[in-house]
1. Scan segment 36-49 residue by residue and report those that are without any contact (Cβ under 8 Å) to a residue 60 or more places away in the chain and either of a type in the set (Gly, Ala, Ser) or over 18 Å from residue 136 (Cα atoms) (or both).
2. Restricting attention to segment 134-147, which residues are modelled with pLDDT of 80 or more and either of a type outside the set (Asp, Glu) or assigned to a strand (DSSP E or B) (or both)?
3. I need every pair where a residue in segment 91-104 that is touching a residue at least 12 places away in the same chain (Cβ under 8 Å) has its Cβ under 6 Å from the Cβ of a residue that is assigned to a loop (DSSP other than H, G, I, E, B) and polar (S, T, N, Q), sequence separation at least 6 or different chains.
4. Looking only at segment 19-30, which residues are surrounded by fewer than 22 Cβ atoms within 10 Å (Cβ to Cβ) and under 14 Å from the mean Cα position of the chain (by Cα)?
5. Out of (1) surrounded by fewer than 22 Cβ atoms within 10 Å (Cβ to Cβ); (2) touching a Leu at 6+ places or on another chain (Cβ under 7 Å), the odd one out for residue 77 is which?
6. Report yes if residue 31 is in contact with a Phe, Trp or Tyr (Cβ under 7 Å, 6 or more places away or on another chain), without any contact (Cβ under 8 Å) to a residue 40 or more places away in the chain and hydrophobic (A, V, I, L, M, F, W, C), otherwise no.
Amino acid sequence: YTYKDMHIISNRVANGLLNAGIKKGDGIALMNINSPEYLFTIFGAMKMGAYIVLVNTGLKGEGLKYVLDHSDASSIVIHWSFLDAFMEIKEQLPKLERVIVDLRDATENFELPKGVHTFQKIMEAPADEIGIVIDPDDMCMLMYTAGTTGLPKAITFWQGKLLGGLN
């Protein structure tokens with residue numbers, strides 16, 4: 001992917017997320033495989049002023065529930081292969097309003113649950129410029145620690161620090 005490709009595709013993702021009801025300041029949990037869609041989600045969210053919650057793909061049950069609840073994410077972008085672990089705790093996450101499933105490499109017999117969006121549909125949005133003002137002090141990412149001395153803690157990244165180190 002070229003810089004131009006990333007710009008255009010991340011604009012589409014940002015516009016698609018906005019069209020799905022996500023807005024500036026909202027949290028988007030990201031539980032995806034190492035793929036271009038992973039990066040498209042991060043860049044798209046940053047362009048629209050949402051924050052990404054990086055979710056360890058090995059989490060299940062209480063550990064997954066804790067990160068998703070603690071982060072105040074209103075949406076999750078999740079690879080189809082992790083959906084079963086998420087669906088087991090979904091009803092215990094009242095703050096999580098939207099589920100967006102990445103169907104990359106999905107098996108032929110995979111059935112999409114009712115009421116979810118697909119990432120592939122999100123990416124069909126127009127590539128128009130995002131008309132949202134981003135401030136260097138806007139939160140853009142949460143990364144959870146391993147929690148070796150208790151529950152995981154969220155390391156917070158801000159737009160200005162992540163993009164240029166506040167130089």
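The values are calculated or read from the model by the stated rules, or taken from the named source; none is laboratory data. From a predicted model like this one, the values you see are computed outputs, not experimental measurements. Cβ coordinates were reconstructed from backbone atoms using ideal geometry, including for glycine residues, and neighbour counts include every protein chain displayed.
1. Keep residues of segment 36-49 that are without any contact (Cβ under 8 Å) to a residue 60 or more places away in the chain, which gives 36, 38-39, 43-44.
Selection gives 36, 38, 39, 44.
2. Within segment 134-147, 134, 136, 139, 140, 141, 142, 143, 144, 145, 146 qualify.
3. Correct list of pairs: 102/32; 104/35.
4. 20, 21, 23, 24, 25, 26
5. The one condition residue 77 does not meet is (1).
6. When the stated conditions are applied, residue 31 does not pass them.
Condition check ((1) in contact with a Pro (Cβ under 8 Å, 6 or more places away or on another chain); (2) in contact (Cβ under 8 Å) with a residue 40 or more places away in the chain; (3) exposed (fewer than 14 other Cβ atoms within 10 Å of the Cβ)) across all residues:
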position: 129; (1), (2), (3): no, yes, yes
position: 138; (1), (2), (3): no, yes, no
position: 142; (1), (2), (3): no, yes, no
position: 148; (1), (2), (3): no, no, yes
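Each row is one residue, and each column tells you yes or no for (1) over 22 Å from residue 56 (Cβ atoms); (2) at pLDDT 95 or above; (3) not acidic (Asp, Glu).
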position: 88; (1), (2), (3): no, yes, no
position: 98; (1), (2), (3): no, yes, yes
position: 114; (1), (2), (3): yes, no, yes
position: 118; (1), (2), (3): yes, yes, yes
